[in-house]
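Visitor: Got a structure for you, written out below as structure tokens; questions coming shortly.
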Amino acid sequence: MIRYKSSSHETKRFIYSEAVRKKDMPTESVFRNALYFFYDLGVYDVLLPFFLVFCIVFAILDKTRVLGTETVDGKPVPKKSLNAMVAFVMGFLVVASAKLVALINEAMSNVVVLLLIIIFFLLLVGSFHAEGADFYLQKKWKSFFMFLAFAGIALIFLHAVKTPDGGNWLYWIWYYLYYRWDSTVIGSLILLAVLVGAIFLATMREKPSDSGSHGESSAASKDHH
């Protein structure tokens, strides 16, 4: 009896989710049916995650040359065949796990949203500058936004990693911090973060600009003459 109720509940949930999905979807068209066909074929669950992992791993191995180099025309080049084989195997190992594929699909969609937010922000800020003028973030603002982007990506992946009870790591961490903020562990982490930040600010020094150093060297050479 309990199994029947559970199955009935799951069936109603599936029918409701399908109805909501079809209601939110645009009008059926040839291209959208093609997307449904690709989804049923496994393009989004197998091929795209495989190509993503393969390209990222191959680029990292090719850039870092971890697996060594070989000499071609007297020049050292990375072992592309070995790098491609390792990237190929890692890509297949990732798509073989349904949990990893689900994590990648959920995380990448949110990463794209974060990237669009950054692009829209740059477009809005750049609209206030004169035409033809170069626009770029200063060093401090660049470091600040890089930290925000890294924190956003970390939060996205924490939200994508699921726990056995169906939740996610982000909710679990927030729950732990909210209800146990006065514990010894949280106090120690906060104190450690404050100390590290204070040491970083105390040891951080601004590098002299190239123009200033060039001016000083020219002035010293004039004095010498």
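The values are calculated or read from the model by the stated rules, or taken from the named source; none is laboratory data. Predicted model only: the values in this text are computed from it and were never measured. We place every Cβ from the backbone using ideal geometry, glycine too, and count neighbours over all the protein chains shown.
Visitor: Working carefully through the options Ser143, Ser109, Ser81, find the one that is over 30 Å from Leu170 (Cβ atoms) and not in a strand (DSSP E or B).
Guide: Ser81
Visitor: Return the only residue of Phe128, Phe157 being under 30 Å from Trp174 (Cα atoms) and either at pLDDT below 90 or not in a helix (DSSP H, G or I) (or both).
Guide: Phe157 is the lone residue from the list that is under 30 Å from Trp174 (Cα atoms) and either at pLDDT below 90 or not in a helix (DSSP H, G or I) (or both).
Visitor: Also: Could you please tell me which pairs satisfy a Cβ distance under 6 Å, a separation of 6+ or placement on different chains, a first residue in the stretch 106-134 that is closer than 23 Å to Lys162 by Cα and surrounded by 10 or more Cβ atoms within 10 Å (Cβ to Cβ), and a second residue that is modelled with pLDDT under 90 and not hydrophobic (A, V, I, L, M, F, W, C)?
Guide: So the pair list comes out as Leu114/Gly152.
Visitor: I've got another one for you. Which condition breaks for Ile173 when tested against (1) touching a Leu at 6+ places or on another chain (Cβ under 6 Å); (2) touching a residue at least 12 places away in the same chain (Cβ under 8 Å)?
Guide: Of everything listed in (1) touching a Leu at 6+ places or on another chain (Cβ under 6 Å); (2) touching a residue at least 12 places away in the same chain (Cβ under 8 Å), Ile173 misses just condition (1).
Visitor: Here is a list of conditions, (1) closer than 30 Å to Ile190 by Cβ; (2) surrounded by 15 or more Cβ atoms within 10 Å (Cβ to Cβ), and Val95 meets all of them except one; can you say which number that is?
Guide: Going through (1) closer than 30 Å to Ile190 by Cβ; (2) surrounded by 15 or more Cβ atoms within 10 Å (Cβ to Cβ) one by one, Val95 breaks only (1).
Visitor: From Asp73, Asp165, grab the single residue that is of a type in the set (Asp, Glu), under 30 Å from Leu61 (Cα atoms) and either free of Cβ contacts under 8 Å to residues at least 40 places away in the same chain or assigned by TED's automatic domain parsing to the domain that holds Val46 (or both).
Guide: Asp73
Visitor: What about Thr163, is it over 14 Å from the mean Cα position of the chain (by Cα), of a type in the set (S, T, N, Q) and within 24 Å of Glu106 (Cα to Cα)?
Guide: Against the criterion (over 14 Å from the mean Cα position of the chain (by Cα), of a type in the set (S, T, N, Q) and within 24 Å of Glu106 (Cα to Cα)), Thr163 qualifies.
Visitor: Among the residues in the stretch 113-128, are any farther than 20 Å from Leu52 by Cβ and among the small types (Gly, Ala, Ser)?
Guide: Yes; the residues of the stretch 113-128 include at least one that is farther than 20 Å from Leu52 by Cβ and among the small types (Gly, Ala, Ser).
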